[in-house]
Amino acid sequence: MLRGLSNIAPGVDNAFIFILIVSVALLALVTGVMVYFVIRYRRKANPDSTEVEGNAALEIAWTVIPTIIVLIMFYYGYKGFALMRDVPDGAMPVKVDSKMWSWGFEYENGIKSADLVIPLNKPVKLSLNSEDVIHSLFIPAFRVKEDAVPGAETVMWFTPTQTGTFDLFCTEYCGAGHSKMLAKVIVMETGEFDKWYVETAAKAKPKADGRALLDEKGCLICHSIDGSVVVGPTLKGIFGRSSVVITKGAERTVVADEEYIRKSLLAPNEDVVKGFPDIMPPQGEAMTNDEIEAVVEYLKGLK
Ligand code: CUA
């Protein structure tokens, strides 16, 4: 890619191209003068060496001209660098988590993505963190690079100026998986991005917390989770437990599996554990399906 595709890129490209031109010109100059001298002052033509005195004008010229050239390099370099450090206020914040050996991008609304998805022509501010060693986030197409350092947040920003999918590399050697520590940058039109942002957030809705629900819905008033018997049987170790229950007046033994736990929530009066009162209200109205499933999931793991 001849030209970088972010607002940061021209600064980097200009400095690079200027340095490249100067380097090539100097290489040509030095090589040319050297070849000329080798021929002009060859031994056959100059059997006796000439003593060369100092030349003030020449010395001033070769001091002043390179100084000016280097200062121009500094000017281009500093201009580009200052822009990189000057994060605009309205930039979209994205948290970057790096670890051996993967990248994670977390947005303001809480969604997480393995690739960096961003809108076109909008400044993005990346806050970099590392969980282990030093990594470095590099997007060659945008000419941006910043280290991710454990224990110290670093910041980078840019505005992508073209839609498309671009490579994102780790560019600091970080162990065996370093070369596989890759991600994609996906730049979308604003409308498309907004859609992705909202839809991904909807999909990533946090699952209901079964333990919190037991508390919230009052279940723990009658059922303990520590093995003690209150009004109803304890929920501790419920999954896989076999109990004698009364079903339509007859005793039978059941092993509590997922199906049984679900049924006990929705229709608790059908199988009542022997020795306990038949007083639990069905939870079909009090809890949504997702909540029922979250409680079942929690109870399965309650050893
Ligand atoms: Cu992370 Cu190299």
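List of remarks:
- Test: residue 31 is among the hydroxyl-bearing types (Ser, Thr, Tyr), loosely packed, with under 10 Cβ neighbours inside 10 Å and at negative phi: no
- Among the residues examined, residue 158 does not qualify as aromatic (Phe, Trp, Tyr), at pLDDT 85 or above and either within 16 Å of the ligand (Cβ to nearest atom) or more than 16 Å from the chain's Cα centre (by Cα) (or both).
For (1) under 37 Å from the mean Cα position of the chain (by Cα); (2) of a type in the set (Val, Ile, Thr); (3) open to solvent by 50 Å² or more (accessible area, probe 1.4 Å), each residue gets a yes or a no:
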{"position": "3", "(1), (2), (3)": "yes, no, yes"}
{"position": "36", "(1), (2), (3)": "no, no, yes"}
{"position": "48", "(1), (2), (3)": "no, no, yes"}
{"position": "55", "(1), (2), (3)": "no, no, yes"}
{"position": "64", "(1), (2), (3)": "no, yes, yes"}
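- Selection count where residues are under 20 Å from residue 95 (Cα atoms) and open to solvent by 40 Å² or more (accessible area, probe 1.4 Å), scope region 156-182: 6
- Among residues of region 266-280 that are crowded, with 16+ Cβ neighbours inside 10 Å, those with a Cβ under 6 angstrom from a residue that is in a strand (DSSP E or B) and not aliphatic (A, V, I, L, M), sequence gap 6+ or separate chain, pair up as 271/247; 273/243.
- Among the residues of region 215-229, none qualifies, meaning not one is touching an Asp or Glu at 6+ places or on another chain (Cβ under 8 Å) and of a type in the set (A, V, I, L, M).
- Within region 118-155, restricting attention to residues that are among the β-branched types (Val, Ile, Thr) and open to solvent by less than 20 Å² (accessible area, probe 1.4 Å), the residue that is nearest to the ligand (Cβ to nearest atom) is 139.
- So residue 102, is it more than 25 Å from residue 81 (Cβ to Cβ), among the hydroxyl-bearing types (Ser, Thr, Tyr) and either modelled with pLDDT under 95 or buried (at least 17 other Cβ atoms within 10 Å of the Cβ) (or both): yes
- Residue that is within 30 Å of residue 110 (Cβ to Cβ), in contact (Cβ under 8 Å) with a residue 12 or more places away in the chain and β-branched (Val, Ile, Thr), where the choices are 200, 247: 200
- From 260, 298, residue being over 30 Å from residue 118 (Cα atoms), in contact with a Lys or Arg (Cβ under 8 Å, 6 or more places away or on another chain), part of a helix (DSSP H, G or I) and of a type outside the set (A, V, I, L, M, F, W, C): 298
The values are calculated or read from the model by the stated rules, or taken from the named source; none is laboratory data. The structure displayed is predicted, hence computed values, not measured ones. Cβ atoms come from the backbone with ideal geometry, glycine included; neighbour counts cover every protein chain shown. Side chains are part of the model used for accessible areas, which takes the heavy atoms of the whole protein and leaves out ligands, DNA and RNA. Shrake-Rupley method; radii C 1.70, N 1.55, O 1.52, S 1.80 Å.
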